[in-house]
1. Can you give the FRET efficiency for A:Val180 and B:Leu61, using 1/(1 + (r/R0)^6), R0 = 25 Å, r = Cβ-Cβ distance, to the nearest 0.05?
2. Packing-wise, with mean Cβ within 10 Å as the measure, how do B:29-39, A:148-158 rank, highest first?
3. So for A:Lys135, A:Lys36, fewest C-beta neighbours within 10 Å to most, what's the order?
4. Mind checking the mean number of beta-carbon atoms from other chains within 10 Å of the Cβ atoms in B:8-14?
5. Of the listed peptides B:15-24, A:195-204, B:75-84, what is their order by residue-averaged count of other C-beta atoms within 10 Å, with the highest listed first?
6. Just counting partner chain Cβ atoms within 10 Å, what average do the residues of peptide A:181-190 show around their Cβ?
7. Which length gain, in nm to one decimal place, applies between B:Glu83 and B:Arg109 when the Cα-Cα distance is subtracted from 0.36 nm times their residue separation?
8. Could you tell me which of rounded, prolate or oblate describes the stretch A:103-191, using a ≥ b ≥ c as the square roots of the eigenvalues of the alpha-carbon gyration tensor, with rounded for a/c under 1.5 and, failing that, prolate when a/b is larger than b/c and oblate otherwise?
Amino acid sequence: MSQVSKRTRVQRLADSVLPGRTVGGYANLIEARLRKLAAVGSTGMLPMSGHGDGAIFFRGGQVIYAESTRTPTPVRRSVGLAALGLVATDGRPASNGAELVAAPSLDRLVSMLALTEPTIDAITELLSSESRYAKFRPFDYPPAGQMSPLSIETVLAEVERRRHVLRQLDPVVTADSPIVRFAPRDPPSFQVSASQWALLVRTGDGSTPRALAMALGRSVFGTTIEVYRLLALGMLVVPGRAAAITSGQPGTRPAEVMSFIRALSDTGGPDA
Amino acid sequence: MILPAADELLAPVMAIDGFRLACLIDGSTGMVLATREFRDSRDGPAPPTAAAGAADVINALTLLNGRLATGENLEDVMVTFSESFFMVRPVGLDQQPQILLLVIADRQRTNLAMAHRSIRDFCASFTS
């Protein structure tokens, strides 16, 4: 009698029929497609559909932009890489960043991040949902000024790291968990950052980390972590999960502890 | 790294005596934005691990500060290992997203006070 379960046998059969597909499912199939597009130096757009629609844009085999209907799109800024000429808005290659050396500026650094973070956030979402890709469309470009060239391996490594962080958070909060403010009768004193305060004042009935991120134009991944921190401070609770993660006392914290280092260990090593 | 164009930004902190590694990290997501390593560094700290550790340390101390509620801001963190100094400082206070500077330096070759001053001046040079 076979020791292999029926499900495993079906998966092995599927793998043999679809060489790009692995036991991991859709995400690995998409990753294989992205690697292939990068390897041949593709330029164009890979449309995606499924739980969340979106697209990933390539230029010369590098990821330059991505968007998903389930993550915010980048906010157009009047400063930043486009203003410095570090990103091309008309198809020209970007410069090497020498301009930044002459005038280091936090605003410019934040502008660079403002272009990159939404792209990583969108790809994390597209690879996490059960998305499917459509036919690659060569020579389709993203909106002008919204390009931040990234190697596909850098993107996939970061997405993998984020998946492991999200897996740690999963027992406590997800991007789609409803959250409410915790309002004890005699609240203890807390100190929050401006960023956390912005989340707290917008949290109402039916709020989720994703909805707050969309409302504020912030990263869904980053907002989920920030919500976790507010849960840890005892200022927010997840209805239904509250009993599992807290003792019900004011100011109690999630039992799970998020760790970026542990996320790296889970991916198989620091350079994975 | 995610922002290779930003690697050059870290050139000034490489002048710190005993410099081994510097990273710019998005503290809100733990993502490494830029990295510079000492050119002869062998068996040095792995940048992703060091950066993840720095983000975890800042996360823990931010939670502590939130609970203490003294109205103070976290300015920097200095950790002394047997062979190295581990220094983390937010670049710009209450900036969203919070960007962190991590510098690791050889303990035998580094004047901690001078390194601290260099890092403070470097962060202050990032004016909005």
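1. 0.40
2. Highest to lowest by the protection proxy: B:29-39, A:148-158.
3. The order, fewest Cβ neighbours first, is A:Lys135, A:Lys36.
4. 3
5. B:15-24, A:195-204, B:75-84
6. If you average over the peptide's residues, the count of other-chain Cβ atoms is 1.
7. 8.4 nm
8. oblate
Each value in this text was obtained by applying a stated rule to the coordinates, not by laboratory testing. What you see is a predicted model; the values in this text were computed from it and never measured. Heads up, the Cβs are rebuilt from the backbone with ideal geometry, glycines too, and the neighbour counts pull from every protein chain shown.
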